[in-house]
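To keep things clear, I will list the structure first and then write my remarks on it.
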Amino acid sequence: MLFLMNDVVFSFDAAELAPPVPHDRFAKLSLNYVSELGRELYAEEPLLHLKDPERAKRLASLIISKAPEINAALFIAPGRGCLVDQVQVRYAQIGLEVMGALLQRQKAGSLTNVEADRQVWRRLAA
């Protein structure tokens with residue numbers, strides 16, 4: 001499975017999607033709780049997906065576990081150490097063709113935040 005975190009595509013196999021906490025504790029977590037966790041992580045480090053990809057990948061696996069239809073997340077923090085409430089989050093479901101194209105661009109070293117925005121988030125649209 002592929003998951004886009006901001007402008008980085010992560011690839012998961014089934015074993016990586018097992019929850020990192022015991023099942024009974026994990027079942028109590030909601031998507032809102034996972035979103036809040038993501039906001040906290042991105043408030044600490046706005047470039048989490050680049051500077052600590054393993055942590056970002058674990059966040060992505062939690063999102064997938066809570067909402068399997070979601071395969072993209074965008075966390076926007078105005079700066080390191082900002083208030084958690086200032087971090088914006090968006091989720092999306094991206095088609096396989098777009099996700100594959102993003103992965104190929106990433107493998108070629110040409111996937112940028114501008115390209116991811118154009119293909120998925122459309123924040124910079126004129």
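The values are calculated or read from the model by the stated rules, or taken from the named source; none is laboratory data. These figures come from a predicted structure and were not determined experimentally. Every residue, glycine among them, receives a Cβ derived from its backbone with ideal geometry; neighbour counts consider all protein chains shown.
Observations on the model:
- Only one of the listed residues (Ala77, Ala72) is under 18 Å from Ser30 (Cα atoms), surrounded by 14 or more Cβ atoms within 10 Å (Cβ to Cβ) and of a type in the set (A, V, I, L, M, F, W, C). That residue is Ala72.
- The one condition in (1) more than 20 Å from Phe12 (Cβ to Cβ); (2) surrounded by fewer than 16 Cβ atoms within 10 Å (Cβ to Cβ); (3) out of contact with any Asp or Glu (no Cβ under 7 Å at 6 or more places or on another chain); (4) touching a residue at least 12 places away in the same chain (Cβ under 8 Å) that Pro46 fails to fulfil: (2)
- The range 7-65 holds helices (runs of 4 or more DSSP H) entirely within its bounds, and those carrying 1 or more residues that are at pLDDT 90 or above and farther than 20 Å from Gln106 by Cα map to 31-44.
- Per the listing Ile94, Ile64, the residue uniquely in contact with a strand residue (DSSP E or B) (Cβ under 6 Å, 6 or more places away or on another chain) and surrounded by 12 or more Cβ atoms within 10 Å (Cβ to Cβ) is Ile94.
- One residue from Arg90, Arg118, Arg80, Arg123 being touching a helix residue (DSSP H, G or I) at 6+ places or on another chain (Cβ under 6 Å) and of a type in the set (Lys, Arg): Arg123
- With respect to the conditions (1) at pLDDT 95 or above; (2) under 16 Å from Leu4 (Cα atoms); (3) surrounded by 14 or more Cβ atoms within 10 Å (Cβ to Cβ), Lys107 falls short on a single one, namely (3).
- Where a residue in the range 112-126 is under 12 Å from Leu102 (Cβ atoms) and its partner, wherever it lies, is basic (Lys, Arg) and at pLDDT 90 or above, with Cβ under 9 Å and at least six apart: Thr112/Arg105; Glu115/Arg105; Ala116/Arg105; Gln119/Arg105; Trp121/Arg90
- Condition broken by Met1, with the remaining ones in (1) at pLDDT below 95; (2) more than 28 Å from Ala108 (Cβ to Cβ); (3) surrounded by fewer than 16 Cβ atoms within 10 Å (Cβ to Cβ); (4) not β-branched (Val, Ile, Thr) satisfied: (2)
- Positions within the range 66-89 being of a type in the set (A, V, I, L, M) and part of a helix (DSSP H, G or I), in sequence order: Val84
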